[in-house]
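Asker: Here it is, the structure, as structure tokens.
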Amino acid sequence: MEFTKYPESVTAPVGDEVTFECAVRVPGERLTWRYRPDNDRWTDWNNVDGNSDKDSVSTRLVVQIKENTSSALYQCIVWYGAISLVSIPARLSIAKVDLSKNTQEKRVITAPLYNTVVLHCKEPLSEPPARLSWWKETKGSRKSIETPYGVLVINNATTEDSGTYGCMATNDISDQTVELPERTYLKVQHEGHGGYRFLESKEYVGIVDQEDVLTVPVAPDGSLRLWCGLVGTPPPRIEWSKGNDIISGNSKSLIVEPFTAEHEGIYSCSANGIRRSWKVIALQPPHWEGSAISTNVSEGSSARINCGIPHGQPVPTVQWFLNAELIITGKGVKATDSELVIERAEKRHAGIVQCFACNALGCAYDAALLTVVPVQISDQDYSMQTPKTMYIPSQQPKRHNRKNSRKHKAVLIPPSRPNVTRLSDESVMVSWSHDNHGLPIQFYKVQYREVTNSSNFQWHTENNEISPYINSFEIDGLTPDKYYKFRIAAVYSNQDNKLGRSSSKFYLQRGGFQSPKAPVLEKAVALSPHSIQINWTWSAQGQGVQAEGFYVYYRAVSSAGAYEKVSARGAARSLTLQHLAPDTAYELKLQAYAAQAASDFSAILMAKTQRLAGAAGGTGTGAAGSTEAAPTDEPRGPPALVTAGGAVGATALVLLLAVTLLLCRRARRPAPKEKSSPEGGANGYLPAKVPITITANPMHGEGGDGGVEMSFLHNNNCGNTTSSDDTLPHPRKNGPARQYV
């Protein structure tokens, strides 16, 4: 998810029309616009309507520049379900000259004869910067003077150059030309050997910072022009230097073009021990050194997003956003210019985290996806969702205590909201978790539906019955460039079922994604007859895609069927596979995955589970694959004891035959007649007093075609293919499904 086109900053005059454009690579659910005044308050955003294309890939915003239109920042936002990504802001500047900071100052400057006189105007506020020109008042009229850089330079000044001077400021975009209120009265006269001095004060030849340092900023690809302004009798021989090094220059100016960051430093002009210095800096738009990495955290644990180090000149201001909203630091949330720390992550913190670094030249951002895995919540916490339970009361008196209450209460804990990752253009991997509390789960079912068209409400159910210890399932046969939603249904030991929450919208985009590096499966060791532990390594060194987790594939060597799949989080480097068959060889392999791509498979390893205790060919739980019986060191008994034991056994056999004969004779006697039970059946079977409705599929709705009325039927657990809405119909449905953003 990224922008392919940002709105670009622009300067426009009153009466003009400005169009901002924005486009994204992955189509969003919707595209919106917002703006705020050009100030330092990042919270003063206001929504504004734009025009978005039907494909939800691009959008435009048209702004009419009126007399009361002020400079502002504009952003576009793309929404993917509950999460959103915001673009770099574009600045709309109104082209005009502002004289609010200029005063009717009158300055008198006296210069010695035959010197180079250099004079500056106080630049007014203007967007873009105004072009300055000079004029001289001669016999009641004004005469324009050629001043290509806005600086008045009079070489070899004489008394004829004395007079009144002023400046004009022109905005080339708005075609506005204004006269500055300042006036300069220049008097050129003969002076004795009175030493050397600067004609103008610091504020006219640069920007004086808080430390009284004269500073000159130079825009990217701009030019540096410095004028010395030293005068004296005789005219001084001026020397230019950078730091302690003498550099070339003439008596009046120093020009460096193009000016880059390598040219930054302290520049000075001096003569006869008098010196003036400028701190020259190269302006740079912001950029980030490093990149943000998406992360998965459990609800309640700490979350950290690091964007790297921001660079720029002036030093950029850093702001953090979550789903396009400014993050306010405070209790539990801390932020620096490089890192955001959420001490206890909550579900509301899930989404796209963006770090913006901005200065006067623009903004740069990086983004990471923060996934918060929610803690499983018991149905007991929601009275409206308490399941309806049915059980046959026992004939013994009930003892109403907590132990019995827990025994009869059927708590259905749903599976978690699924995590969806792309495997190919037509397949995804769906993963989920369960805290293994409540009623035992017999199997899972995976459902999905296409949601590109909001009118499509048909859920498709995969026919596979997924074992309760499996937490990942691959779904293929999907259509690329479509939106999908997924959810997991659990079928419990009491034949009831419950749905987990639906996933957010997932856009299955066609290829072109960079995948993580493949993991290295190092070893696989049998821990018991039913478990194998695997260990692997993985590193992102040399490849920029961070793995969010790993998929573990395994199957018996003797089987040609599909692999079973389980998932592990990104920090995991080992996993124990459970519920395996004893004395069976398995082949294992891994994949690393990110949100939109999975890595190549690791090399396949083979491992064999241990034998069961007492199994033929082995004793106890020996090493995996062992085929020899463990030797014994106990000595055998002497032959006399063996003979005595045989005699005792023969005597016992005779007694057993006698007892058997006696019992057979008694069995031939006729049994007394007893009253038959009206409720009895053959072989002691008691038919039900009322018919019991059981469905062939526990996920089928009550009263549907799948229901049959009989006293007993083996459940075949066949999966239906569709259901009509977001909650699976069932007589024991536990209220509406909870939805989280």
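The values are calculated or read from the model by the stated rules, or taken from the named source; none is laboratory data. This structure is a prediction, so every number in the text was calculated from the model and none was measured. A quick note on method: Cβ atoms are made from the backbone with ideal geometry, for glycine too, and the neighbour counts reach across all protein chains shown. Remember, those area values only see protein heavy atoms, side chains included, never the ligands or the DNA or RNA. Shrake-Rupley method; radii C 1.70, N 1.55, O 1.52, S 1.80 Å.
Asker: Show me the strands (runs of 3 or more DSSP E) entirely contained within the range 1-55 in which 3 or more residues are farther than 12 Å from L85 by Cβ and of a type outside the set (S, T, N, Q).
Answerer: Qualifying strands (runs of 3 or more DSSP E): 17-24, 30-37.
Asker: How many residues does the range 15-51 contain that are buried (at least 17 other Cβ atoms within 10 Å of the Cβ) and among the basic types (K, R)?
Answerer: Total meeting the criteria: 1.
Asker: Just for strands (runs of 3 or more DSSP E) wholly inside the range 231-311: which have at least 1 residues that are closer than 27 Å to E211 by Cβ and touching a strand residue (DSSP E or B) at 6+ places or on another chain (Cβ under 8 Å)?
Answerer: Of the strands (runs of 3 or more DSSP E) lying wholly inside the range 231-311, those with at least 1 residues that are closer than 27 Å to E211 by Cβ and touching a strand residue (DSSP E or B) at 6+ places or on another chain (Cβ under 8 Å) span 239-242, 245-247, 253-256, 265-271, 274-282, 284-289.
Asker: Condition first: hydrophobic (A, V, I, L, M, F, W, C), part of a loop (DSSP other than H, G, I, E, B) and more than 31 Å from the chain's Cα centre (by Cα). Now tell me which residues in the range 548-589 satisfy that.
Answerer: Within the range 548-589, V557, A560, A562, L580, A581 meet the criteria.
Asker: Can you pull out the residues in the range 414-441 that are modelled with pLDDT under 90, in contact with a Leu (Cβ under 8 Å, 6 or more places away or on another chain) and among the hydrophobic types (A, V, I, L, M, F, W, C)?
Answerer: L439, the sole residue that qualifies.
Asker: Among the residues of the range 460-474, what is the count of those that are open to solvent by less than 30 Å² (accessible area, probe 1.4 Å) and over 14 Å from P415 (Cβ atoms)?
Answerer: 1
Asker: Follow-up. Answer yes or no: is there a residue in the range 493-516 that is out of contact with any Lys or Arg (no Cβ under 7 Å at 6 or more places or on another chain), within 14 Å of A594 (Cα to Cα) and of a type in the set (A, V, I, L, M).
Answerer: There is no residue in the range 493-516 that is out of contact with any Lys or Arg (no Cβ under 7 Å at 6 or more places or on another chain), within 14 Å of A594 (Cα to Cα) and of a type in the set (A, V, I, L, M).
Asker: On to the next question. So which residues in the range 423-447 are touching a residue at least 24 places away in the same chain (Cβ under 8 Å), open to solvent by 20 Å² or more (accessible area, probe 1.4 Å) and under 25 Å from E299 (Cα atoms), if there are any at all?
Answerer: S433, H434, D435, H437, G438, L439, P440, I441
Asker: Another question, then. Within the range 140-174, which residues are part of a loop (DSSP other than H, G, I, E, B), more than 22 Å from D98 (Cβ to Cβ) and acidic (D, E)?
Answerer: Residue satisfying the conditions is E146 alone.
Asker: Further, regarding this structure: Would it be correct to say that K334 is within 30 Å of Q319 (Cβ to Cβ), of a type in the set (K, R) and at pLDDT 90 or above?
Answerer: Criteria met by K334.
Asker: Can you tell me which residues in the range 573-588 are open to solvent by 40 Å² or more (accessible area, probe 1.4 Å) and without any contact (Cβ under 8 Å) to a residue 40 or more places away in the chain?
Answerer: Residue satisfying the conditions is R573 alone.
Asker: So, in the range 216-269, of the ones that are open to solvent by less than 20 Å² (accessible area, probe 1.4 Å), within 22 Å of L119 (Cβ to Cβ) and among the polar types (S, T, N, Q), which residue ends up nearest to the chain's Cα centre (by Cα)?
Answerer: Going through the qualifying residues, I end up with S268.
Asker: Answer yes if at least one residue in the range 283-292 is buried (at least 17 other Cβ atoms within 10 Å of the Cβ), modelled with pLDDT of 90 or more and either out of contact with any Gly (no Cβ under 9 Å at 6 or more places or on another chain) or at positive phi (or both), and no otherwise.
Answerer: no
Asker: Are any residues in the range 103-138 more than 13 Å from V153 (Cα to Cα) and touching a helix residue (DSSP H, G or I) at 6+ places or on another chain (Cβ under 8 Å), and if so, which ones?
Answerer: Scanning the range 103-138 gives L113, K122.
Asker: Would you call P129 under 30 Å from I65 (Cα atoms), open to solvent by 40 Å² or more (accessible area, probe 1.4 Å), free of Cβ contacts under 8 Å to residues at least 12 places away in the same chain and part of a loop (DSSP other than H, G, I, E, B)?
Answerer: The answer is yes for P129.
Asker: Oh, and also: Looking at the range 56-73 only, could you name the residues that are touching a residue at least 24 places away in the same chain (Cβ under 8 Å) and open to solvent by 20 Å² or more (accessible area, probe 1.4 Å)?
Answerer: Result: S56, V57, S58, R60, V62, Q64, K66, E67, T69, S70, S71.
Asker: Kindly check whether there is at least one residue in the range 102-123 that is in a loop (DSSP other than H, G, I, E, B), open to solvent by less than 40 Å² (accessible area, probe 1.4 Å) and either of a type in the set (F, W, Y) or within 30 Å of Q596 (Cβ to Cβ) (or both).
Answerer: no
The rows are residues; the columns are (1) open to solvent by 40 Å² or more (accessible area, probe 1.4 Å); (2) in contact with an Asp or Glu (Cβ under 8 Å, 6 or more places away or on another chain).
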residue	(1), (2)
K498	no, no
V520	yes, no
A526	no, no
H530	yes, no
Q546	yes, no
V557	yes, yes
G561	no, no
A571	yes, no
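Asker: Going residue by residue through the range 76-90, is there one that turns out to be among the hydrophobic types (A, V, I, L, M, F, W, C), open to solvent by 30 Å² or more (accessible area, probe 1.4 Å), in contact with a Ser or Thr (Cβ under 9 Å, 6 or more places away or on another chain) and within 30 Å of G195 (Cα to Cα)?
Answerer: No, the range 76-90 contains no residue that is among the hydrophobic types (A, V, I, L, M, F, W, C), open to solvent by 30 Å² or more (accessible area, probe 1.4 Å), in contact with a Ser or Thr (Cβ under 9 Å, 6 or more places away or on another chain) and within 30 Å of G195 (Cα to Cα).
Asker: Which residues, counting only those in the range 1-32, are aliphatic (A, V, I, L, M) and under 30 Å from G351 (Cα atoms)?
Answerer: Within the range 1-32, M1, A23, V24, V26, L31 meet the criteria.
Asker: Do any strands (runs of 3 or more DSSP E) entirely within the range 175-218 hold 1 or more residues that are under 19 Å from K136 (Cα atoms), and if so, which?
Answerer: 176-179, 183-189
Asker: If we keep just the residues of the range 293-335 that are among the charged types (D, E, K, R) and either more than 14 Å from the chain's Cα centre (by Cα) or more than 22 Å from A572 (Cβ to Cβ) (or both), which is most open to solvent (accessible area, probe 1.4 Å)?
Answerer: Among those that are among the charged types (D, E, K, R) and either more than 14 Å from the chain's Cα centre (by Cα) or more than 22 Å from A572 (Cβ to Cβ) (or both), it is K331.
Asker: Report whether or not G300 is more than 20 Å from V118 (Cα to Cα) and free of Cβ contacts under 8 Å to residues at least 24 places away in the same chain.
Answerer: No, not satisfied.
Asker: Further question on the same structure: So which residues in the range 164-192 are small (G, A, S), touching a strand residue (DSSP E or B) at 6+ places or on another chain (Cβ under 7 Å) and open to solvent by 20 Å² or more (accessible area, probe 1.4 Å), if there are any at all?
Answerer: Residue satisfying the conditions is S174 alone.
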